[in-house]
1. Here is a list of conditions, (1) within 11 Å of chain A (Cβ to nearest Cβ); (2) assigned to a loop (DSSP other than H, G, I, E, B); (3) at pLDDT 95 or above, and residue B:242 meets all of them except one; can you say which number that is?
2. Can you pull out every residue in segment B:63-103 that is part of a helix (DSSP H, G or I) and within 19 Å of the chain's Cα centre (by Cα)?
3. Look through segment A:334-361, keep the residues that are modelled with pLDDT of 85 or more and part of a loop (DSSP other than H, G, I, E, B), and return whichever of them is farthest from the chain's Cα centre (by Cα).
4. Within segment A:222-310, considering only helices (runs of 4 or more DSSP H) that don't extend past its boundaries, which have at least 1 residues that are within 12 Å of chain B (Cβ to nearest Cβ) and in contact with a strand residue (DSSP E or B) (Cβ under 9 Å, 6 or more places away or on another chain)?
5. Could you say whether any residue in segment A:71-90 is modelled with pLDDT of 95 or more, closer than 23 Å to residue A:198 by Cβ and not in a helix (DSSP H, G or I)?
6. I'm told residue B:213 meets every condition in (1) part of a loop (DSSP other than H, G, I, E, B); (2) within 12 Å of another protein chain (Cβ to nearest Cβ); (3) at pLDDT 95 or above except one. Can you identify the failing condition by its number?
7. Please specify each residue of segment B:91-108 satisfying the condition of being in contact with a strand residue (DSSP E or B) (Cβ under 7 Å, 6 or more places away or on another chain) and at the interface with chain A (Cβ under 9 Å from one of its Cβ atoms).
């Protein structure tokens with residue numbers, strides 16, 4: 001789960017990290033009100049889950065509340081790299097002296113948490129990694145102990161951060177690590193960490209992703225889940241408890257198992273089409289789950305054909321067939337549905353589908369080919 | 001021959017009295033697996049469908065000689081179940097549970113550093129050796145046949161698809177191992193390949209990877225120096241960056257973990273990579289000289 005910058009800063013602040021004075025707002029009036037309250041120069045930042053907002057016009061300075069309102073009028077509702085801006089963060093503008101990068105994340109290969117630090121903050125860290133790999137300093141963290149004081153001292157020195165501020169920066173690192181482990185984060189990033197001209201150390205921008213698997217014990221953060229969905233279809237799927245990713249093509253796909261679903265996207269592509277979505281009904285799905293899934297895929301108006309790809313292991317072909325039949329008899333199905341079924345109870349499943357409008361296919365590539373052809377005929 | 005499990009494997013099922021554990025313990029026994037014990041804290045002394053129950057892994061091992069465990073414990077308690085095995089010195093642990101918090105697995109990995117316990121998974125379908133009639137996990141029973149092909153896969157359903165295709169085409173298996181779709185797993189592609197390399201009966205290995213992480217790239221580096229015959233397959237060629245594709249581990253972050261990068265790494269190591277699952281079969285036959 002990704003949190004917006006303003007949400008991330010709320011969480012960071014609750015752990016004692018220094019964040020600028022500010023508040024999120026979703027109308028020009030509210031923006032002006034917040035700007036007035038903060039006083040002086042403010043920065044207005046579009047709240048979308050995309051990097052490089054500044055260059056795309058999603059971060060602007062305003063001298064007063066009047067100008068803040070004008071900027072908000074342009075920014076709210078604008079399309080920023082494919083995302084509609086629904087809210088902005090209004091914050092006091094900082095007199096920046098230095099900008100650093102700081103984060104904790106998972107090192108999958110080494111199977112431990114890693115701290116990453118760079119004196120080249122304020123730009124995309126991936127770009128720094130490309131152009132100046134030597135400017136990125138890594139610190140492996142033993143989860144049994146957390147980052148140790150000497151490690152942090154070395155880390156700051158090696159990265160070449162302002163030596164007179166090493167105590168404050170070290171404190172920020174320790175707190176950021178606490179955020180990471182206590183909230184089950186998968187990424188806790190500050191970019192930039194700013195040293196202001198008057199010597200303050202402040203979290204100017206924050207990125208924060210939380211492990212979905214841990215939401216059962218992160219009740220405080222779960223409240224951000226719905227608000228953090230950018231995509232309306234994905235938000236709906238989330239409410240329905242479905243594993244769904246909106247992809248924007250015209251072939252709706254449903255499968256069982258993450259690997260098989262990913263592979264289904266690949267075969268649709270190989271057949272010359274583009275998948276509208278990824279939807280995994282998981283292992284052992286019953287008829288009602290299949291019905292729910294089909295209903296979900298049909299909510300996407302771009303869908304011109306649906307491909308159901310099932311390899312029965314724990315999932316039974318006859319259960320899937322029942323679900324599809326139930327769904328098609330009660331829902332308004334406006335597009336052709338191609339079904340490929342193999343494995344457990346596949347034959348009895350396909351038998352159940354005989355005489356219906358559903359189109360059977362012997363193999364997954366054949367099913368994809370049929371679905372793509374039908375979608376093109378419909379267009 | 002096979003890797004990790006065979007006819008002498010005595011299996012303990014953690015969470016045997018739960019819905020999943022109970023069903024799959026039954027399926028494992030139907031396959032021929034020697035299920036000797038179940039562990040459900042608080043139910044020790046009883047039995048479940050003829051299998052004796054114990055309160056702890058250590059006790060079950062001492063009394064039954066269990067040397068492998070299958071974990072079907074719900075996500076909030078699964079990491080503890082793995083650690084209990086490691087502490088008891090269980091040689092092999094296959095954790096089926098999906099949805100374990102990643103930081104729990106970081107702690108498990110830390111605790112198990114230097115441990116003799118081999119962990120498979122989590123979030124995996126387990127391991128099956130058809131020749132030894134031993135299945136630990138949830139792979140469907142009817143797919144397998146005995147032969148000389150090994151299989152390693154991060155995905156459950158793609159394991160089933162591939163095994164099914166192998167069997168239908170007369171290509172039996174030594175051992176099939178599902179290593180799991182999470183970012184932190186106990187046995188990676190490389191570990192499984194190294195085990196297969198030592199098995200004289202495995203003549204060719206099918207390695208099924210997916211987007212996310214760099215385990216396939218690491219395995220490719222090893223294969224560059226190895227004489228093993230391997231056929232690769234990578235799913236997720238059309239997955240967009242930054243989106244988790246079902247598996248917690250299947251996510252492209254930045255420029256790492258892409259299907260294209262993994263395919264290129266394998267091909268550079270001389271491993272033929274199938275463009276579709278169907279294409280795996282002719283490539284395996286070619287590697288076997290058929």
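1. So residue B:242 meets the others, but not (3).
2. B:75, B:78, B:79, B:81, B:82, B:83, B:85, B:86, B:102
3. A:354
4. Working: elements: A:224-227, A:232-239, A:258-270, A:287-298.
Per the criteria, A:232-239, A:258-270.
5. The answer is yes, given that some residue of segment A:71-90 is modelled with pLDDT of 95 or more, closer than 23 Å to residue A:198 by Cβ and not in a helix (DSSP H, G or I).
6. Condition (3) is where residue B:213 drops out.
7. Step one: filter segment B:91-108 for residues in contact with a strand residue (DSSP E or B) (Cβ under 7 Å, 6 or more places away or on another chain), giving B:91-97, B:102, B:106.
Listed by number, the residues that qualify are B:102, B:106.
Table: residues versus (1) surrounded by fewer than 17 Cβ atoms within 10 Å (Cβ to Cβ); (2) assigned to a strand (DSSP E or B); (3) more than 12 Å from chain B (Cβ to nearest Cβ); (4) free of Cβ contacts under 8 Å to residues at least 12 places away in the same chain.
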position	(1), (2), (3), (4)
A:101	no, yes, yes, no
A:106	no, yes, no, no
A:113	no, yes, no, no
A:116	no, yes, yes, no
A:120	no, no, yes, no
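The values are calculated or read from the model by the stated rules, or taken from the named source; none is laboratory data. Since this is a predicted model, take the numbers as computed values, not measurements. So basically every Cβ, Gly included, is an ideal-geometry build from the backbone, and we count neighbours across all protein chains shown.
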